[in-house]
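**Student:** The structure that follows is given in the form of C-alpha cells.
The values are calculated or read from the model by the stated rules, or taken from the named source; none is laboratory data. All values reported here derive from a predicted model rather than from experimental measurement. Cβ: placed from backbone, ideal geometry, glycine included. Neighbour counts: every protein chain shown. Ligands, DNA and RNA are excluded from the accessible area calculation, which covers all protein heavy atoms including side chains. Shrake-Rupley method; radii C 1.70, N 1.55, O 1.52, S 1.80 Å.
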Amino acid sequence: MSNIFKQLLQDAKELPTLSSKYDSPKLQHNLSQLDKETSLITAKINTASKDKNTLGHYFLAQGGANTHENSQFLEKVDTRFTFQPTQMIKKTNVEAHLNQVQETYIKDTIEESNRKTRETVSNALIEKRNMYWRTKRNIILDEWDLEESNKTFGKMGAKNDTTAAKAFKNQKQQFAVAVANINTERILKSPVPVVKIFANISQSTTCTHSQKASMNVSWDVISHLTGEKTGRSDGVYLCSNPDQNKVDSMKLRLIKSARSYLEHQFRSVVNETLKENAAAANVGGTLSQKHRLYAFMKLQYKERGSAWSRAFEVYDDMPIWLFTYLLVRCGSYDLALEFVEEKTQNFSGAPEFQKAFKEFCTDPDFNISEQSRNQVDRQYQAMKYSQRSPDPFKLLLYKIIGRCELQYKSEDTIHILEDALWLQLMLIRETPEAVQSNRAEYRLEEFQEMINQANSADYDKNGANAWTYFNMLLLSLQPEKAIDYLYQFEQWRVQAVHIAIAFVYYGLVRVTYQPGNIYSIVSNTDSTPSLNLIGMITQYIQIALDDSRDALQYLFLLTLYPDQALHSTIYDMVVEQIMRSPDFKDLLGNKVACRPGVVDKYKPLLDFHASSTSSYEDRIVIPVAEAFQSRGRYKDAVYVYETLGKYEQVFGVLNQEIYRAVNRYNTSDQKDACIPAMQDIVDFCTSTQTNYQQSPVPTYDSNNLTTFYILLKFIKATMEQHSGKAQNAVELIMQADLLPRDTEFNTVQRYTQQLRLQQDYVQNLLPYMILIALNNDKSQSSAIASFLTFVTLQMSSNVRKQINEKLMQFNF
C-alpha cells in the first residue's frame, strides 16, 4: 500500500507542471492532506468489491460517480448477446429478396386501395342517404306547410257561405277549362287573349264592390303591360338565357306601357267626372278632347262663380300652364304642342320652354337636346328659388321636360297616387344614351326601391283591399313581387296564381328552375326575384283541384319555358299526377290496342314529338309503371307495361310479387290470412299469362319468363301444402325441375349448375320448397342431401335446422 502512496505522491508532484502547461489551477496539497483525503475516499469504498483496480474507483469517486453501483449493474449484463459478433453470410439470393419486397409492396398497395375503396363507397352511401333524407325532409315539411297554412286556400269569406262556396268552385272550374283551351291553342301555335279570359272569369269572385273595382284596375294594368290589346309582346323570358339587350328593350317597352296606362286612366277619370257633373260641365256631345279637358279643368280647379287661383298664369280665362300639363298628363302630346304653338304670345315670357317642349313632344323617348336641358334647368332653378312664386304647373312642366333636381322625386302640386306614379315614370330614363351619359339620371331601380320601402298598410288601412299596393308594384314593373304580395292573402290566391300564369304566358317574369320551397318568389344570386311558378302550381292543384285532368292542364302550362332542367321536374310531376289519378288508364291510353290517351294529345307541349315516341315512354309511361310497382300496386304496373307490350317487365313485376307473397306466408304467424292474397296473385298471374300468349307481341323465352313459371309453381305448391294436399305440393315442386331425383354424381352436378343460373327469387325460396318435399316424400331425402352438399342456399337458421332434422331422421 505504501508503494501506491509513493506513486500517488510522485504523480501529484507532476500535476503542477501539467496545469501550467494547460493554464489550469495548481494543486497545493502536502502529503498529510493527501493522506486525510485518501482515508475519506477509502472509507466510502466497499472493500469487498471484486474490482481490483482501486485507482479507477478513487478517480471516479472524486468526480462524484458511484462506482460500486455501476459495477453491480455491469456485472448483470450478459455480454454474450449484447456484444455478439456479426457473421458474414457468404451466399445471398438478391432476386428472392426483391421478389419478397415486391410482394410486400403489392400486398400493402392492394390493402390500401381496398381501404380507400371501402372508405369511398361508404362515404358515397352515407352522402346519398343523407341527401335522400334531406330531400324527403323538405318534401315532408313542404307538404306539412301546405296542409297547415292552406286549408282554406282561396276560400276566405266563402267557407261558411254555401252560395259563395258554390261560386268559388264554379270559378275554379271555369279557370280549368280556360287553361285547357290555352294549351290546345298552344299546340296549334295560335295566340290566346289570356288576360281578357282570366279577367272575365274573375268577375265571379265573391268580394266587396271596392275590391272588385280595384281588381278590375289590376287586370287593366296587366293588359297594358302584356300588350295584349295592341298585339305587341316582347317576352324575352320565354327563352333560356335571354340577351341583355333584349331585356333592356323589354324594360323600355314596359315603362312606356305603364306610363300609357296611367295616361289612359287619367282620361277615364276626366270622362267619369264629366259624366257625373254633366249639367255643370255643359259639354254636350262634343268629341273635342281639348274642349272636354277645359270643362274638366274648370270643375276641378275653379269653383263656381269664382276666379282662377292667383298662382296660375291666366290669359283669356285660360290657365296656360295648367292646361298644358293636363294635356300632357292625358298623353295628348300632339294636342299639347298644338296648344303651345297656338298661344305663342302667351308663352313669350318663356322662350326656352317653347323650343324644349317641341323637342320633348316629338321625341319618342321624350328626350331633349343638352343645350335645351341646360336652359330649362337654369330657368327651373331661378323660378324655384326666387322670392316670387311661379305658377306651380309651370314649375312642374319644367321639371318633367328638363328632369330637373332628380334628387327630389315630386312637387307640391302632386297629391294623387296615380299622378305621383306617372311623374316617376316620366322622370325615369333607361335609354342607352341616358345610361352612357355623364349626367345623373333617375333609374328604374331607384323607383322600385322607393315603392318597396313604402308601407303597404298605408295604402290598405283596413287590411281589406290588397289590390292598391299590388297595382303600385305592377306599375313599378315588379310583377314577381306584386304576385308574391297578393299571394300572401288567402282570399286572392286563386287570382294570384292566374295572374302569374298570364305574365308567364307572355314571358314577362323570370321563373326559377330549381324551386326549393313553398314561397311564390325566390331570390337569384344577383338579388333579382324569380317567380316560383312550380311551387304555386303544385300548391294550387293539391289544394284547389279535385280532377287529375285539370291538374295536368296546369302542369302543361309549366312547359312555357323551354329549359330542359325545368322539363325534367315537370315530367316527374306529370308522372306523380297520373299515378294519383283513378282514371290513369284513360290518361295513358293503350299503345298495343292503338288507343291514344289524354296525355298523347299534349305530347308537343312536353317536347315529345312523333319522332321521339321512345322518349315519351321512357320519361312518362315507364316511370308511372315503376312508381306503381314501388308502391305495391303491381296490377296497375302490369297494366302499364302490357300497354307497351313489355312482357319482360311484366313478368319481372309478377316475380317480385310472388316472391313477396310466398316469403310473407313462410314468415307469418297467421298463415290463413295470407291465402286469399296469394290466390288473388295466382289468378292474376294466370290471366296475365293468357294475355301474353294471345298478344301480338312475339313470344320468347327470357330469364324473367322462366323464373315466372318456377315461382308460379312455388306459390301453388305452398297453397296446396297449406290446404293439406301434400302430394300435389310435391309434384308441383318436382315439376319445377330444380331438385335431382337420384344421387348419381353427374345428375347432382347438373342440377347444381342449373341452380346457379337462377334468379335470387328462386334461390331464396328453394329452401322452403325443399322443406315441403322432405315433409311429404321420404324417397327424395338422399338426392336432396347430396344436392345440398354442393350448393349454398340462403336460409334462416330455423329453416336450416328443420331441414337438417328431416335429413337425419330419414338417414337413421
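**Student:** Return the subset of LYS229/LYS399; LYS298/LYS481; LYS212/LYS481; LYS128/LYS801; LYS166/LYS601 for which the Cα-Cα distance in this structure is over 29 Å, preserving the input order.
**Tutor:** Details: LYS229/LYS399 32 Å; LYS298/LYS481 40 Å; LYS212/LYS481 21 Å; LYS128/LYS801 39 Å; LYS166/LYS601 31 Å.
With Cα atoms farther than 29 Å apart: LYS229/LYS399; LYS298/LYS481; LYS128/LYS801; LYS166/LYS601.
**Student:** Taking the stretch 363-404, which trypsin sites (Lys or Arg not before Pro) meet the DSSP loop condition and have no more than 16 other C-beta atoms within 10 Å? Provide the component values of the computation, followed by the final result.
**Tutor:** Numbers: sites: ARG373, ARG378, LYS384, ARG388, LYS394, LYS399, ARG403; in loops: ARG388, ARG403.
Taking the stretch 363-404 and a limit of 16 other Cβ atoms within 10 Å, the loop trypsin sites (Lys or Arg not before Pro) found are ARG388.
**Student:** Further question on the same structure: In the structure displayed, which of LYS172/LYS251; LYS302/LYS384; LYS635/LYS778 lie more than 29 Å apart, Cα to Cα? Spell out each step's value before the answer.
**Tutor:** Numbers: LYS172/LYS251 33 Å; LYS302/LYS384 24 Å; LYS635/LYS778 39 Å.
The answer is LYS172/LYS251; LYS635/LYS778.
**Student:** I need the per residue convex hull volume for the stretch 646-811, using only the alpha carbons, in cubic angstrom as a whole number.
**Tutor:** 111 Å³
**Student:** Another one. Within the stretch 186-223, what residues put their amide N at less than 12 Å from the label point 7 Å along the Cα-to-Cβ vector of ALA464?
**Tutor:** 207-212
**Student:** Return the long-range amide H neighbours of ASN590 (sequence gap of 5 or more, or a different chain), with a cut-off of under 5 Å between placed amide H atoms.
**Tutor:** Result for ASN590 returns ARG595, GLY597.
**Student:** Take the stretch 254-427, compute every pairwise Cα distance, and split them into 10 Å bins from 0; I just need the percent in each bin.
**Tutor:** 9, 38, 39, 13, 1
**Student:** Scan the stretch 312-372 for chymotrypsin sites (Phe, Trp or Tyr not before Pro) in coil per DSSP, keeping those whose Cβ has at most 16 other Cβ atoms within 10 Å, and list them by number.
**Tutor:** Within the stretch 312-372, the qualifying chymotrypsin sites (Phe, Trp or Tyr not before Pro) (loop, at most 16 other Cβ atoms within 10 Å) are TYR315.
**Student:** Also: With all protein chains present and a 1.4 Å probe, how do PHE608, PHE745 order by accessible area, largest first?
**Tutor:** Values: PHE608 5, PHE745 120 Å².
Solvent-accessible surface, decreasing: PHE745, PHE608.
**Student:** Then there's this: Please state the shape class of the stretch 430-509: rounded when a/c is under 1.5, otherwise prolate if a/b exceeds b/c and oblate if not, all from the C-alpha gyration tensor.
**Tutor:** oblate
**Student:** Next up: Please report how far the C-alpha centroid of the stretch 542-599 lies from that of the stretch 738-812, rounded to the nearest whole angstrom.
**Tutor:** First find each Cα centre; the distance between them is then 50 Å.
**Student:** Just the accessible area for ARG595, please: 1.4 Å probe, Å², rounded to the nearest 10?
**Tutor:** 100 Å²
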